[in-house]
Every structure is written in C-alpha cells, then in structure tokens.
Amino acid sequence: MTAAAQGNARLRAAQAKKVRQFITPEGVDLELKIASSGLRFGALTIDIALILAALVVFSLMMAWIGVGSGSDITVVVWMLGAFVLRTFWFIGFELGSRAATPGKRLTGIRVVARDGGRLTADAVVARNLIRELELFLPLMMLGVAAAEDMASAWTIIAGVLWSLTLSLFLLFNRDRMRMGDLIAGTWVVMAQRVKLDADIANATAGQTMVFSEAELAVYGIFELQELERVLRSRDPRAMREVADTIRSKIGRPVAEEDHVFLIGYYRQLKARLERKLLFGKRREDKYASD
C-alpha cells in the first residue's frame with residue numbers, strides 16, 4: 001500500500017470515528033458527525049471576540065454616560081451588563097431555531113440533544129452555565145487578584161490548571177463532550193446547511209437526507225401543499241412547529257436544521273406522489289387510503 005493510500009485510509013478511519021448513528025422506529029439509519037475540537041475552539045474564539053467587541057462598545061457608552069451624570073451607578077450598570085452579555089450570549093443563540101451561536105454558525109456546527117429530541121431550555125442553560133465554572137470563573141478570579149495585586153505564582157498556576165483541566169475535558173472522550181455536554185445530554189455536531197432558493201424543489205436541497213417509503217406514506221397532496229406554503233413563508237416558528245410535527249409522526253430525531261429537514265421531506269414526498277400519479281393513484285390527504 002502506498003503512502004497516499006495509507007494516509008487516505010487513516011483519514012477515512014478518523015472520519016468514521018466521528019459518526020454517531022440513530023435508528024428510527026421504521027429502521028432507518030441516520031448519521032450525525034461529531035464536530036472536532038478544533039472547530040469548537042474556533043467557534044468559541046469567534047464568540048469571545050464578538051462578546052469583547054460588544055463589551056468595548058458598551059464600556060464606551062457607559063463611560064460617556066458616567067462622565068455626563070457624575071454618578072457611580074454606571075459602574076454597577078456596566079458590571080451587570082457585562083455579566084448578562086457573557087452569560088446569555090450562548091444561551092440565547094442556542095435556544096434559537098439554529099441551535100448555534102454566531103461562532104458555531106460560521107464554523108458549520110450546532111448543538112443537538114443526544115436522545116434525538118428537541119433541545120430543551122434546561123439543557124441549553126445547564127451546558128452553558130457549566131462554562132462559567134470551566135472557563136470564566138477561574139479567569140475572573142485571576143483578573144480580580146491581579147487587579148488588587150494579590151495574584152501570587154501559586155494562585156496563577158492553580159487558576160490555569162483549574163481552567164485547563166475542565167476546558168480540555170472534551171479532548172479525552174470520543175464524543176468530544178465538554179462537562180456541560182455530559183451534564184446536559186447534548187452533542188455538538190456538524191450542521192447540514194442549505195440555501196433556500198426560490199425554487200424549493202431544486203436538485204440540491206436536502207439531498208443528503210433519505211426517507212423511507214413508510215415515512216413518506218403518512219402524508220398526501222394536501223399536506224404537500226401546506227408544507228410548500230410553510231417553506232415559502234420562511235417563518236422560523238412555523239417551520240419549527242411543522243418540522244417537530246413531522247418528526248414526531250415518523251419517529252425521526254432532531255438531527256439537522258428545520259428548513260433542511262422540511263426541504264428534504266418536501267422534495268421526496270413530492271417525488272413519491274408524482275410517481276403514484278403516473279400509475280393512477282391519488283391520495284388527497286393523510287386520512288385517505290394510499
């Protein structure tokens with residue numbers, strides 16, 4: 001075997017180790033690819049940079065207000081604002097329909113529940129509050145100690161070891177889970193992304209998804225038309241509700257963004273119904289016999 005072939009074989013083996021499978025009640029195999037530690041670090045770096053930029057703007061605004069008013073209350077407001085921004089940046093974005101912060105979206109990753117269900121608020125809050133313990137709390141303690149000239153060498157070493165021990169936990173498990181992921185029951189995976197073109201039935205949308213005959217058989221022409229209407233409306237809340245309804249009906253886990261799932265299902269349901277019509281079979285809705 002040549003060196004190139006050996007390298008390709010090692011690469012395929014490494015990629016295969018990142019794949020996790022779900023099996024639906026219909027026996028359909030679904031695959032999720034665990035995000036690498038490098039991508040997660042890159043996403044965190046981007047998010048922290050954006051948070052710091054927002055803090056700089058907020059600090060300038062508070063300094064201007066403080067000079068104008070001559071009140072010490074602006075210092076309290078700044079401290080509260082900084083805490084809220086740092087704490088709820090991750091929680092707010094991950095509770096959204098894409099389950100990803102700006103950093104995660106730029107690096108193509110997202111958060112999913114390990115049981116295949118919809119991410120709950122409890123899970124998102126838990127995984128992100130643990131980040132305070134992993135990263136921000138020891139760094140904040142070091143910052144305060146340094147500001148008050150109380151930071152000894154042992155304090156610095158202890159703070160760095162604390163942060164590294166908890167932050168690097170994901171390097172020592174095959175699912176690349178932080179402590180927060182372990183406690184909250186979440187994975188960070190590669191996100192399937194697709195552009196919603198004017199023609200939602202284009203040849204590339206949702207092409208990586210495969211639905212079984214049994215999964216497609218639960219809906220008819222009326223539901224297809226309603227699904228098309230929802231997709232064209234581009235309403236994230238409506239798409240989320242419809243995607244959850246279909247997933248629950250066919251037994252699929254939440255493994256991709258809602259619009260990706262709906263486009264894939266729409267295309268394959270439309271193709272199935274068109275094949276049926278060629279043979280003279282027409283199913284008006286989910287209540288009609290197939």
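The values are calculated or read from the model by the stated rules, or taken from the named source; none is laboratory data. Everything numeric here is computed off the predicted structure, so don't read it as measured data. Cβ coordinates were reconstructed from backbone atoms using ideal geometry, including for glycine residues, and neighbour counts include every protein chain displayed. Heavy atoms of the whole protein, side chains included, go into the accessibility calculation; ligands, DNA and RNA do not. Shrake-Rupley method; radii C 1.70, N 1.55, O 1.52, S 1.80 Å.
Structure summary
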| quantity | calculated |
| --- | --- |
| Matching residues in region 70-83 - criterion: being open to solvent by 70 Å² or more (accessible area, probe 1.4 Å) and modelled with pLDDT under 75 | 72, 73, 75, 76, 78, 79 |
| The listed residue being within 22 Å of residue 94 (Cβ to Cβ), open to solvent by 40 Å² or more (accessible area, probe 1.4 Å) and part of a helix (DSSP H, G or I), out of 229, 267, 240, 247 | 240 |
| Looking only at region 165-180, and only at residues there that are exposed (fewer than 13 other Cβ atoms within 10 Å of the Cβ) and modelled with pLDDT under 80, the one that is nearest to residue 254 (Cα to Cα) | 168 |
| Residue satisfying condition, being open to solvent by less than 50 Å² (accessible area, probe 1.4 Å), closer than 30 Å to residue 262 by Cα and assigned to a loop (DSSP other than H, G, I, E, B), within set 103, 96, 92 | 96 |
| Residue among 109, 183 that alone is at pLDDT 75 or above and open to solvent by less than 40 Å² (accessible area, probe 1.4 Å) | 109 |
| Pairs where the first residue, in region 235-262, is on the phi > 0 side of the Ramachandran plot and the second is not basic (Lys, Arg), C-beta under 7 Å, 6+ apart | 251/24; 251/25; 251/26 |
| Of all residues making up region 208-226, the number that are outside any helix (DSSP H, G or I) and not small (Gly, Ala, Ser) | 6 |
| Residue count, region 193-220 (criterion: modelled with pLDDT of 55 or more and either surrounded by 18 or more Cβ atoms within 10 Å (Cβ to Cβ) or farther than 17 Å from residue 275 by Cα (or both)) | 7 |
| Any pair with Cβ under 7 angstrom, 6 or more apart, that starts in region 37-48 at a residue that is over 17 Å from residue 99 (Cα atoms) and ends at one that is surrounded by 15 or more Cβ atoms within 10 Å (Cβ to Cβ) and among the charged types (D, E, K, R) | 37/176 |
